[in-house]
Structures are given as structure tokens and as C-alpha cells.
């Protein structure tokens with residue numbers, strides 16, 4: 001089972017370039033000093049998003065904590081909370097194809113699930129030529145001044161930094177996609193529809209660049225904040241349990257789709273009992289109304305949070321290859 005799982009999760013080590021450690025940047029979280037799973041390299045290259053610290057600093061400061069949730073020694077499932085230094089974790093391919101993907105893991109806005117919806121897809125995409133940046137974003141429930149826009153601010157800043165450093169990574173600035181899972185799908189949906197919203201004060205020349213992704217992949221994404229469709233936990237942490245209908249509408253991504261929204265790729269399982277499939281259906285309908293190109297894959301079986309590892313043997317197992325095929329039609333890869 002481990003051999004098959006390793007194969008599906010990546011060509012995981014074979015397509016990765018040797019890491020280049022970024023100087024004076026916040027390190028990725030670790031549990032212990034050794035590589036958790038032999039053969040799966042831990043990333044070492046990071047980019048802090050905010051050179052003078054994240055705006056709206058908390059007092060007292062929060063402490064970043066990593067929890068290992070897996071009971072399987074051959075498969076990590078780490079989740080991080082208390083993120084006060086948002087950053088990008090970089091996966092470089094051995095042979096760059098000129099395209100990049102910003103990846104926002106999920107976690108219900110309680111945590112950021114870094115293995116299942118971050119590092120695994122990072123290794124998988126890097127093995128296929130993409131330069132991947134996994135986003136450690138701040139969580140709205142921690143009390144940041146930006147409130148429900150705090151993760152969007154980090155995502156906008158991340159896109160601008162990727163473009164500002166495109167030459168360093170062999171990236172074409174017009175070939176930067178974003179991919180989000182579950183609540184991270186809401187972050188990316190927000191980014192795809194509100195990329196120009198002024199949610200933070202510019203800090204350097206990178207902020208003159210566009211934050212619009214050239215394509216967006218929303219995987220079993222939280223989209224709606226309206227009570228009938230919302231994932232309750234994500235809604236409560238993003239806008240509060242007593243949020244007004246106006247606030248819920250503002251932060252429901254389908255309401256913000258416009259002709260400027262980039263082409264979108266949607267994946268959802270119809271048996272998802274955590275985030276209703278209607279979240280993706282509603283977003284697709286909004287794209288169609290706005291004339292935005294959208295490809296949608298609804299699977300009969302897959303549940304929620306399948307990523308790569310939990311899709312195996314289910315109809316949803318096809319989604320990564322479908323994404324690659326779609327990405328090529330968008331000039332990526």
C-alpha cells in the first residue's frame with residue numbers, strides 16, 4: 001500500500017530540484033529533527049510575505065503550533081495554527097516549465113493542513129515541471145485587524161511576490177495559477193474574484209504588480225457564506241456566527257465573479273457531507289453568467305478533503321490529471 005501511495009503522491013522526490021535555503025526567512029514547521037517519511041524531502045526554501053512583519057500585529061502575539069494528526073508512520077498529516085508569520089514554502093522542479101502554482105491548503109479556517117493539501121500537491125506538481133508555492137496564511141479567528149480579509153491580504157501579497165521574483169524561479173509572470181482546497185478554496189476563490197480589492201497598504205514595489213491569478217483551481221471549495229450553503233465552522237470563523245446578511249453576501253465568492261475573474265477549474269464530490277456540492281455549482285453558474293471560462297468536475301464519490309491520498313480508488317482519483325490537461329489549455333505547463 002505504501003509503494004502505491006508513494007507513486008500516486010508524486011514521483012514525489014524524483015522531480016524536485018535541490019532546495020535552496022532562503023536566508024533569514026521563517027522556517028517550515030517541524031516535529032522532531034528528522035525527515036518524517038523517508039524518501040519524501042521536507043522543504044527548506046521559504047519566503048516571508050511581509051518584510052516588516054504582518055500588518056495589524058496581535059498583542060499578545062500568538063504562537064505557531066504544528067500538530068501531527070496521522071497514526072500512520074508512513075504518511076504525515078500535519079496541521080498548523082497560530083500563524084503570525086505568513087509565508088510561502090517553495091517546491092522547485094528540476095526542469096521548470098515556466099509556470100507556477102500558488103497552493104492554499106484547507107483547514108476550516110481553524111488550521112492550515114500542510115501535508116494533505118499542501119506539500120503533497122506541491123511535490124506532485126513540481127515533479128511535473130511547475131514551481132509551487134504553498135501558502136501559510138493567517139487565520140481570521142485569531143483576531144487580526146483585517147478581519148475576514150486577512151487571508152485574502154496574504155494571498156494577494158503572495159501573488160505579487162511570486163511575480164516580483166519570477167526571474168529568480170524561471171517563471172513567466174503571466175503563467176501563475178492559484179489552487180485552493182476546502183477553506184483554502186475560499187481563499188483562492190476570494191483571490192480570483194477580489195484580487196484588486198484594497199485590503200492592505202502597499203509595502204514595497206511588488207505591490208504595484210497584479211494579484212490576479214492567471215487561472216484558479218477550486219477543489220471541494222468553501223464558497224458561500226450564506227447560512228443555507230455555508231460550511232458552518234468556516235463561516236463562524238470568517239465573518240462570525242451573528243454576521244449580517246450583507247456581510248455573508250460580501251464574502252460569498254459567487255457574488256463577486258466578474259468578467260475579470262480568471263478561468264476556473266472546479267472539483268467537488270457529490271457525496272461531500274462537509275462542504276455542500278452546491279458551493280461549486282453556484283460558483284459555476286456565476287462564472288457562466290459573467291462569461292468566465294469554467295471547467296467543472298463533479299464526482300459521484302470522494303467525500304471531503306480527499307486531496308491526492310484519499311482520492312485513490314474513488315472516481316475523484318482522476319482530478320489531478322484532469323487539472324493538468326485543463327492547465328495546458330490555459331497555456332500553463
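We did not get these values from a lab; they are worked out from the coordinates using the rules stated. Just so it is clear, the model here is predicted, and its values are computed rather than measured. Cβ placement follows ideal geometry from the backbone for every residue including glycine, while neighbour counts extend to all protein chains displayed.
When a/c reaches 1.5 or more, the comparison of a/b and b/c decides; with that in mind, is the stretch 112-223 rounded, prolate or oblate per its Cα gyration tensor?
Judged from the Cα gyration tensor, the stretch 112-223 comes out oblate (a/c at least 1.5, b/c at or above a/b).
Using Cα pairs closer than 8 Å and at least 6 residues apart in sequence, work out the relative contact order for the stretch 85-130, in percent.
55 percent
Determine the equivalent ellipsoid of the stretch 205-256 by diagonalising the alpha-carbon gyration tensor, then write out the semi-axes as square roots of 5 times the eigenvalues, largest first, rounded to whole Å.
25, 14, 10
Pairs of alpha-carbon atoms within less than 8 angstrom and 6+ residues apart define the contacts here; what relative contact order does the stretch 237-333 have, in percent?
Numbers: 108 pairs, mean separation 25.2, N = 97.
Relative contact order of the stretch 237-333: 26 percent.
Taking R0 as 35 Å, what FRET efficiency do you get between residue 228 and residue 71 from their Cβ-Cβ distance, rounded to the nearest 0.05?
Working: r = 36 Å, r/R0 = 1.02.
Efficiency, from the Cβ-Cβ distance: 0.45.
Considering only DSSP beta bridges with both partners in the chain, what is the antiparallel share in %, to the nearest 5?
Working: 15 of 39 bridges.
Restricted to the chain, the bridges split so that about 40 percent are antiparallel.
Using label points projected 7 Å from each Cα along Cα→Cβ, tell me how many nm separate residue 64 and residue 271, to one decimal.
Going by the 7 Å Cα→Cβ label model, 3.8 nm.
With log10 I(q)/I(0) by the Debye sum over Cα atoms at q = 0.08, 0.10, 0.11, 0.12 Å⁻¹ in mind, check (1) -0.32, -0.51, -0.63, -0.76; (2) -0.61, -0.78, -0.87, -0.98; (3) -0.37, -0.58, -0.70, -0.83 and report the label derived from this structure.
Label (1) holds the value from this structure.
Per residue of the chain, what 222 nm ellipticity follows from adding -39500 (n - 2.57) for every DSSP H run with n ≥ 4, rounded to the nearest 500?
Rounded to the nearest 500, it is -7000 deg cm²/dmol.
Which of the three applies to the stretch 115-179, rounded, prolate or oblate, going by the alpha-carbon gyration tensor with a ≥ b ≥ c and a/c under 1.5 meaning rounded?
Oblate, since a/c reaches 1.5 and b/c is not below a/b.
Note down the relative contact order for the stretch 170-269 as a percent, whole number, built from C-alpha pairs under 8 angstrom at least six residues apart.
34 percent
From the square roots a ≥ b ≥ c of the eigenvalues of the alpha-carbon gyration tensor of the stretch 53-132, which class results: rounded (a/c under 1.5), prolate (a/b over b/c), or oblate? The partial results should precede the final answer.
Values: a/c = 2.94, a/b = 1.39, b/c = 2.11.
In terms of gyration-tensor shape, oblate.
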